[in-house]
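K.L.:
Below you will find the structure I want to go over with you.
Each reported figure results from applying straightforward, stated rules to the coordinates on display, with no laboratory input. It should be emphasised that the depicted structure is a prediction, and the values quoted were computed from it without experimental measurement. Here Cβ is always computed from backbone atoms with ideal geometry, including for glycine, and neighbour counts include all displayed protein chains.
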């Protein structure tokens, strides 16, 4: 099982208050180099998520004033939580099944530890794929699965054209087939 805790480099969660303006949220996003964040109420409870997509579709597209529109008026209040010990595949399924790009990640005590994004999951997939390719490549070249050639008269003869992966490489490749 590939857990979120072990495989995701989660950025610190930075909540913003619901009574701030959309303009404040834009500034907040730019200052922290993020595209979404958790929204809290005055008591510090998590009550929503706001993203760049919300701002574009719910404010800019409708010609609303970002300096007057409050975050609470456009935030997404549909919150989906995922445990940090959950399998990455479960997080992907939750996002897909619910049509969302962010999940709120909690620890074993149900405390919020961050906002998990689709980008985090994609980065994890790319890291895993990169490591797999390096492992396969290393095994392939360690076992010298390269053709041997020799020159005979006026032609090159290629011998040992068998490039069938050895059992270890085959096992690695087959373990990643869906």
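K.L.:
For the range 1-52, calculate the relative contact order in percent as a whole number, restricting contacts to Cα pairs under 8 Å that are 6 or more residues apart.
P.N.:
Working: 49 pairs, mean separation 16.7, N = 52.
For the range 1-52, the relative contact order is 32 percent.
K.L.:
Sorting 105, 118 on the 10 Å Cβ count, fewest up front, what's the list? Mind showing how you got there, number by number?
P.N.:
Values: 105 22, 118 15.
The most exposed by this proxy come first: 118, 105.
K.L.:
Which order do 123, 31 fall in if you start with the one that has the fewest other Cβ atoms within 10 Å?
P.N.:
Numbers: 123 14, 31 9.
Ordered from fewest to most neighbouring Cβ atoms within 10 Å, 123, 31 come out as 31, 123.
K.L.:
Also, quick follow-up: Return P(r) of the range 1-146 (all Cα-Cα pairs; 10 Å bins starting at 0; whole %; ordered from short to long distances).
P.N.:
Percent of Cα pairs in each bin: 11, 35, 28, 14, 7, 4, 1.
K.L.:
When DSSP beta bridges are limited to those with both residues in the range 4-123, what percentage is antiparallel, rounded to the nearest 5?
P.N.:
Working: 12 of 17 bridges.
Around 70 percent of the beta bridges assigned by DSSP in the range 4-123 are antiparallel ones.
K.L.:
Could you please rank 124, 51, placing first whichever residue has the fewest other Cβ atoms within 10 Å of its Cβ? Before the final figure, lay out each step's value.
P.N.:
On the way: 124 19, 51 22.
So the ranking, lowest neighbour count to highest, is 124, 51.
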